[in-house]
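The values are calculated or read from the model by the stated rules, or taken from the named source; none is laboratory data. Keep in mind it's a predicted model, so treat the numbers as computed, not measured. Neighbour counts are summed over all protein chains in view; Cβ atoms, including those assigned to glycine, are modelled from backbone coordinates with ideal geometry.
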Amino acid sequence: MSVTEVSLPSRMITGTVAGMFSVLIHNARLITLAGPDEPRRGDALRELSPIDHGYIAVDDEGLIARVEPGDPPGDVQAPQVIDARGRVVLPAFVDCHTHACWAGERYDEFERRLAGASYLDILRSGGGIMATVRAVRRAGEDELLDLLRVRAERMIALGTGACEIKSGYGLDTETELKMLRSIDRLRRESPLLITPTFLGAHAIDSDQPEFVRRTINETLPAVAREFPGITCDAYCEDGAWSLDETRRLFEAAQAHELPLRVHADQFNALGMTGLAVEMNAVSVDHLEATEPKELELLARSDTFGVALPCSGFQLDDRYAPARAFLDAGGALAIASNYNPGSAPTPSMPFTIALACRKLKLTVAEALTAATHNAACLLGIQDDVGSIQPDRRANLQMWDFTDERELPYEFATPGPLWTMLNGRIAHERRNIQA
């Protein structure tokens, strides 16, 4: 029997000649999140379905073939064998709200905020989203794709295996389509499982006459033709899209049979959360300013609430009332909101750390909201978000034996490795076993 060396952290791996499986991970604490393929609420959100000492066998298609307690039987062999040595193995994170497709930078605005300017003040003065819009309009499709590749690698390095990426820095038909084409090209080449979203209603471009009408009557139909079934998103806020404008956009999107998501109540409660529930939106994202009655209405509905705590950390230390939302029975997901202005981070581990501290989530609730529930929101829960047979082998292994260490420590280097579709997509080198 020959032994094969594989490129993974030192002294963690040995291998045998190929048998039934391509990868075997054993001697691991498995946080499987196994269970029904539906959004989890209440007590179910805290059920991680752990296996204290178990193994995972991955088939040649990159799918999980077995997840079982104990040591693998003798007939389970693979050319790549990973001895976890008791370490925690989790499903790869699902980052269900990002704006990772952008060009340019906003360092000057960061300094303005440090000096006391508010996010909405900067937006009204032509900065913020509009500053990135100008940079994206100047960028070519290939340049956007190159920038996306870099950001995708950063997400993978921090344990993300699936994500949503929005357009929204074009605000005209040509540039919105350019962004979506770049996102789609990344989707076709990257091991990340990527869901694109159309966010043509991200801001109001005051330089375009009849901008709202053109977005609804020109840009939306063009996007729906080229990307049928894509989700339509909007930013409903003072200085951005009004409640009435968002309603008109969403009615048009529904006529094109597009699902709806919305940014609402980040700074001001305009009534959008109730309208989103009425229109059967997939999610309402932000919720920092949501009023208690609308929060309860959302919690009783089939619409997800998405908390984005990295925005509060970056901007104003305001956070969604996620504890109250969960206690009312809501379906919660958390996400990084990776973007150049209000949340310049690809880190789901940091998002989880903030969720425990600022949103008052338990560790188990935060992990579920960042994996299974986020996958349910994107409609990919039969593919990712848990460790179960026939799911993609999208996994991550951390250098600890208790999953509570993940949010307890913060600003750490990330997982020892991230596996996507049964292959190691990122690894940290020179790790001491």
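Only one of these is out of contact with any Cys (no Cβ under 9 Å at 6 or more places or on another chain) and hydrophobic (A, V, I, L, M, F, W, C): A343, A355, A335. Name it. Step by step, each of A343, A355, A335 is checked, and only A355 is out of contact with any Cys (no Cβ under 9 Å at 6 or more places or on another chain) and hydrophobic (A, V, I, L, M, F, W, C).
So is T246 touching a Ser or Thr at 6+ places or on another chain (Cβ under 9 Å) and in contact (Cβ under 8 Å) with a residue 12 or more places away in the chain or not? When the stated conditions are applied, T246 does not pass them.
When R187, R213 are checked against the criterion of being outside any strand (DSSP E or B), of a type in the set (D, E, K, R) and within 30 Å of M155 (Cα to Cα), a single residue qualifies: R187. Of all residues in the stretch 91-142, those that are over 16 Å from L315 (Cβ atoms), free of Cβ contacts under 8 Å to residues at least 40 places away in the same chain and in contact with a helix residue (DSSP H, G or I) (Cβ under 7 Å, 6 or more places away or on another chain) total 1. Among the numbered conditions (1) under 15 Å from L378 (Cα atoms); (2) surrounded by 24 or more Cβ atoms within 10 Å (Cβ to Cβ); (3) not hydroxyl-bearing (S, T, Y), the only one that D302 does not meet is (2). For the stretch 187-224, filtering for residues that are more than 29 Å from G127 (Cβ to Cβ), in contact with a helix residue (DSSP H, G or I) (Cβ under 6 Å, 6 or more places away or on another chain) and surrounded by fewer than 18 Cβ atoms within 10 Å (Cβ to Cβ) leaves 0.
Being more than 15 Å from L90 (Cβ to Cβ), surrounded by fewer than 24 Cβ atoms within 10 Å (Cβ to Cβ) and under 17 Å from the mean Cα position of the chain (by Cα) is a property that P340 has. Considering only residues in the stretch 222-252 that are within 11 Å of A201 (Cβ to Cβ) and of a type in the set (D, E), the one that is farthest from the chain's Cα centre (by Cα) turns out to be E245.
Listed by position, the strands (runs of 3 or more DSSP E) inside the stretch 376-433 whose residues that are touching an Asp or Glu at 6+ places or on another chain (Cβ under 6 Å) number at least 1 are 417-420. Of all residues in the stretch 96-155, those being of a type in the set (A, V, I, L, M, F, W, C) and assigned to a helix (DSSP H, G or I) number 18.
A single entry from A240, A224, A203 fulfils the requirement of being in the same structural domain as D172 (by TED's automatic domain parsing) and either without any contact (Cβ under 8 Å) to a residue 40 or more places away in the chain or β-branched (V, I, T) (or both): A224.
Summed over the stretch 98-130, the residues that are farther than 30 Å from A370 by Cα and either within 23 Å of the chain's Cα centre (by Cα) or surrounded by 20 or more Cβ atoms within 10 Å (Cβ to Cβ) (or both) give a count of 1. Note on the stretch 325-350: residues that are assigned to a helix (DSSP H, G or I) and either charged (D, E, K, R) or more than 12 Å from C96 (Cα to Cα) (or both) amount to 5. Counting residues in the stretch 308-325 that are closer than 21 Å to L378 by Cα, more than 19 Å from the chain's Cα centre (by Cα), hydrophobic (A, V, I, L, M, F, W, C) and surrounded by 20 or more Cβ atoms within 10 Å (Cβ to Cβ) gives one or more. Against the definition (at pLDDT below 95 and touching a Lys or Arg at 6+ places or on another chain (Cβ under 7 Å)), how does I122 come out, yes or no? Yes; evaluated as a whole, the condition is true for this residue. Is it fair to say A353 is crowded, with 24+ Cβ neighbours inside 10 Å, under 17 Å from the mean Cα position of the chain (by Cα), among the hydrophobic types (A, V, I, L, M, F, W, C) and assigned to a helix (DSSP H, G or I)? No: the conditions fail for A353.
Scanning the stretch 168-186 for residues that are of a type in the set (D, E) and in contact (Cβ under 8 Å) with a residue 24 or more places away in the chain, we see that the one that is nearest to G229 (Cα to Cα) is D184.
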